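Student: Provided herewith is a single structure, encoded as structure tokens, for subsequent inquiry.
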Amino acid sequence: MRPQLHEDTAATLVGLTIVALALAVTWAARPAVEPASRQAYPKGWPTPLSSTIDKPQTWADSPLEALCDKKGRSVVVPVLMGMGWVVLVGMAGALLGGRSVVRGLPGTVAVTALAGTAYLLAGQKVIHYYNLEYPLWALGVGLLIGNIVGVPAWLGRGLAGEFLIKTGLVIFGAEVLFGRLLELGLPGLLTAWIVTPIVLVTTYLAGVHLLKIPSRPLCMVVSADMSVCGVSAAIATGAACRAKKEELSLAIGLSLFFTVIMMVAMPPLIAWMGLDPIVGGAWIGGTIDATGAVVAAGEALGKEGGEVAATVKMIQNSMIGVIAFAVAVYWAGWVEHDGQQREGSLAAEAWRRFPKFILGFLVASLVCSWLFTRSPEAALWVDGTTTGFTSRLRGWLFCAGFVCMGLQTNFHELAPALGSGRPLVLYVAGQLLNLVLTLGMASLTFGWLFKKMVEP
Amino acid sequence: MSSLQATRPEMKRLVLGIAAVIAIWGGLLPALLRCPAIARHVARMEERGVNPTAMYYTELDRLPLRPEWVDRRLTLWP
């Protein structure tokens, strides 16, 4: 008899198994020399699993350049193996969900190949260095095919976008380390942790009550990707509040569009305003959505400014776990039963509606956070596992998940949300509030209260 | 749409879509890469090893390191 687990349970099981396996393999291959040296292992202990997964590299004139890394080594095998991991996860999901693995296999392979195509499109250097991330192209590839020729039945059987994204989120939990929160001490915490929740809640309430956007999940996803850290926050909160795929697509599109503008415009603006580079770095770190774009913009401010920008963003990154959990509890307890008779107590009702895979995400995050703080060796163990393997697999799973979302989204479903223009107004208004409050807090903490501490 | 049998107009639109992708990624974007301003931006990012598309800090080429001033004695008020 086949098991028939709920999708959330299956995603949690598969995700946590992968994290445990990755940690075990990295531990088994731990270095004998200087295992506690951050200088020797700047990205953590090397893990043998890193050779089993990669993505197409950046390229300038020919996509064939994407098949070799910067050192000229071929990445064909690790790319194919990375695609193999996605197929394996998809098959595990089908098996645990009680569906036929064989019937879904051709569709899963095709979705994975389309995800590879999306990565290839995202790797072109103009696209890559102007931060047009792979979710945009994964959605685009899916939308193009799904809306022009449709989804044949054999492909439809392999579309498990939600399962892939949920599994990716559970694996993502291993990267969300609470120990990272203290990297910048009090000024970093004040800048990232006071302003971000204020902007998130204010923007959400403005979307619901002032702009009267009918979809609360859309308001939440736009608010979270704008105030926390872009696409990753949109995915996590979108899953926690059960946003529709077209709402998530819209929020991601808005975030990527404004990230490009802010990445290019903020460094000259900071220079024009004559801001201290450290205050400017904190401002950039607290406001630009995407982590990579923060680093790109921060680099223009010099070493200290760039360091502060990247670290403030890293602190904000670490908030995803808390925010996704809070959103899931709020949605399950207060939003979803709006106007309906509650069955049993609030806690029982909230638990019934709670997206259970968020617990898998939290377990992965708490376990890896606990390991991270145990010793310098353990911190390098966690860093090596996440940078060398789980972050790459999570990227592939999200990419394949977005392809599925694109395939299943009808252009006509996007039209009402796009047509009203209100999500755009919400994003712009929220980002303006974010810019003002973050500049105020960065000036207060890095520019005055702790000025002596942060001066190089 | 959910059928496998794509009609001629659908196939035509798909071929046009794919042709547009090939033209943009194979011609337009490589040409843009030769514009001085874009070439400078790309060269600066490559030289400094920055990955602007990192979705999370674990995808950065270099992990952000704790700045040394964090460990200095905390002095409140300037």
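Student: Kindly rank A:102-112, A:121-131 from highest to lowest mean number of other beta carbons found within 10 Å of each residue.
Tutor: So the order, starting with the most tightly packed, is A:121-131, A:102-112.
Student: Of A:E175, A:E65, which has the most accessible area and how do the rest follow, probe 1.4 Å?
Tutor: Accessible-area ranking of A:E175, A:E65, largest first: A:E65, A:E175.
Student: Rounded to the nearest 100 Å², what is the sum over both chains of accessible area buried where A meets B, with a probe of 1.4 Å?
Tutor: 5600
Student: Just to verify a number: what accessible area does A:W351 come out at with the full protein assembly present, 1.4 Å probe, Å² rounded to tens?
Tutor: The accessible area of A:W351 comes to roughly 140 Å².
Student: Which of the lysines could be linked to A:K166 by a straight reach, that is with a Cα gap under 29 Å, when you skip same-chain ones fewer than 8 residues away?
Tutor: Counting by Cα, and skipping residues close in sequence, A:K166 has these lysines nearby: A:K43, A:K55, A:K244, A:K245, A:K313, A:K356.
Student: A further question follows. Per residue of A:59-69, what is the mean number of Cβ atoms on other protein chains within 10 angstrom of that residue's Cβ?
Tutor: Per-residue shielding by partner chains comes out at 2.
Student: While we're on this one: Mind ordering A:191-198, A:68-75 by average Cβ neighbours within 10 Å, highest first?
Tutor: Packing order, densest peptide first, comes out as A:191-198, A:68-75.
Student: For segment A:118-135, take each phi angle, set θ = phi - 60°, evaluate the Karplus expression 6.51 cos²θ - 1.76 cosθ + 1.60, and give the result in whole Hz per residue in order, putting x for glycine and proline.
Tutor: 4, 4, 5, 5, 6, x, 4, 4, 5, 4, 5, 7, 10, 6, 8, 5, 4, x
Student: Aspartates and glutamates near A:K71 by alpha-carbon distance under 16 Å, same-chain residues fewer than 8 away left out - which ones?
Tutor: A:D54, B:E46, B:E47, B:D61
Student: Averaged across the residues of B:25-35, what count of C-beta atoms belonging to other chains lies within 10 Å of each residue's C-beta?
Tutor: Per-residue shielding by partner chains comes out at 4.
Student: Probe 1.4 Å, all protein chains in place: accessible area of A:F398 in Å², nearest 10?
Tutor: Its accessible surface works out to 0 Å², give or take rounding.
Student: Just checking the output field for A:286-295: average partner chain Cβ neighbours within 10 Å of each residue's Cβ?
Tutor: Averaged over the peptide's residues, the number is 5.
Student: Using packing as a proxy for protection, rank A:29-35, A:241-247, A:295-301 so that the peptide with the highest average count of other Cβ atoms within 10 Å comes first.
Tutor: Result, highest mean first: A:295-301, A:241-247, A:29-35.
Student: Moving on. Any idea how far apart A:A40 and A:A60 come out in nm if each label point goes 7 Å out from Cα toward Cβ?
Tutor: Distance between the two pseudo-spin positions: 3.7 nm.
The values are calculated or read from the model by the stated rules, or taken from the named source; none is laboratory data. Every value quoted in this text rests on a predicted model; they were computed, and no experiment measured them. When we count neighbours, we look across all protein chains shown, and the Cβ atoms used for this are built from the backbone with ideal geometry, even at glycine. Remember, those area values only see protein heavy atoms, side chains included, never the ligands or the DNA or RNA. Shrake-Rupley method; radii C 1.70, N 1.55, O 1.52, S 1.80 Å.
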